[in-house]
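Asker: Dropping a structure here in structure tokens format, bear with me for questions.
What follows is calculated from the coordinates using simple rules that are stated; it is not laboratory data. This structure is a prediction, so every number in the text was calculated from the model and none was measured. Every residue, glycine as well, gets a Cβ built from its backbone with ideal geometry; the counts of neighbours run over all protein chains shown.
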Amino acid sequence: MRAFVTTASAAVLLLLATAGASHGQLAADPPCTGQVHPNPGFERGTTGWTAGPRIVVFGDAPRPAHTGRAYAAFAGLDVTRTDLLRTTVTVPANCDLTVRFWVRTTTTETSRSDYLNVGLAVTGIPPKTRFSLAFDGGAQWREYAMSSGTATTERTATVSFVGSETAGNGTTAFDVDDATFTLS
Ligand SMILES: [Ca+2]
């Protein structure tokens with residue numbers, strides 16, 4: 001899919017170069033469609049992701065994935081540590097990127113100590129933490145979404161999931177699955 005995006009972007013640039021000042025929808029397949037990440041549900045392990053050790057797990061019956069068999073798991077060990085999971089996609093010019101992901105929170109905490117920060121860094125915009133999830137996130141899978149907005153130039157968007165755990169206050173495990181990257 002990455003190859004498709006690159007090819008589509010090149011086609012758009014070529015068309016824009018030959019079309020001069022005209023803009024808007026092109027006759028070719030519109031580039032602002034589709035899910036562009038090669039491994040949104042972690043079924044292929046860490047393919048397409050930069051991940052710390054042991055983040056991607058294969059669920060078992062008591063703790064199944066949102067879909068498929070695999071998901072990413074953060075914290076839950078009651079030790080002071082940080083887990084990182086990150087990926088970057090290309091956002092063609094004039095496209096909006098919507099990132100959707102599902103999180104399940106299993107906790108023994110009653111106050112905010114362990115957390116999962118979800119950041120979005122888009123070319124030209126300061127990186128920002130879009131979600132800071134904690135013990136009250138819910139024991140069932142819950143969906144979250146964030147968007148890049150549009151720009152007239154091609155950009156990259158980097159999404160990061162950072163799980164931070166502090167020992168001694170109870171444990172919280174965050175599971176993430178089906179992180180989709182859809183252009184519109
Ligand atoms: Ca999955």
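Asker: Enumerate the calculated ³J(HN,Hα) couplings along region 79-87 in order (Karplus 6.51 cos²θ - 1.76 cosθ + 1.60, θ = phi - 60°), each rounded to whole Hz, writing x wherever the residue is Gly or Pro.
Answerer: Result, rounded to whole Hz: 10, 7, 6, 9, 10, 10, 9, 8, 8.
Asker: Ordered by residue, what ³J(HN,Hα) values in Hz, to whole numbers, does region 44-55 give under the Karplus form 6.51 cos²θ - 1.76 cosθ + 1.60, where θ = phi - 60° and Gly and Pro are x?
Answerer: Whole-Hz 3J(HN,Hα) from phi for region 44-55: 9, x, 9, 3, x, 10, 9, 9, x, x, 6, 7.
Asker: Of the listed peptides 39-52, 120-133, what is their order by residue-averaged count of other C-beta atoms within 10 Å, with the highest listed first?
Answerer: Final packing ranking: 39-52, 120-133.
Asker: A further question on this structure: When only C-alpha pairs under 8 Å and at least 6 residues apart count, what is the relative contact order of region 32-183, in percent?
Answerer: Taking the mean separation of contacting Cα pairs over the length of region 32-183, I get 38 percent.
Asker: Using modelled backbone amide H atoms (1.01 Å from N, in-plane), which distant-in-sequence or interchain residues come within less than 5 Å of residue 133's amide H?
Answerer: Answer set, sorted by chain and number: 116, 117, 118.
Asker: Compare the peptides 63-74, 104-115 by average per-residue count of other Cβ atoms within 10 angstrom and give them in order, highest first.
Answerer: Those peptides, ordered most packed to least, come out 63-74, 104-115.
Asker: So who's got an amide H within less than 5 Å of the one on residue 171, skipping anything under 5 residues away but keeping other chains? H placed 1.01 Å off N, in plane.
Answerer: 108, 109
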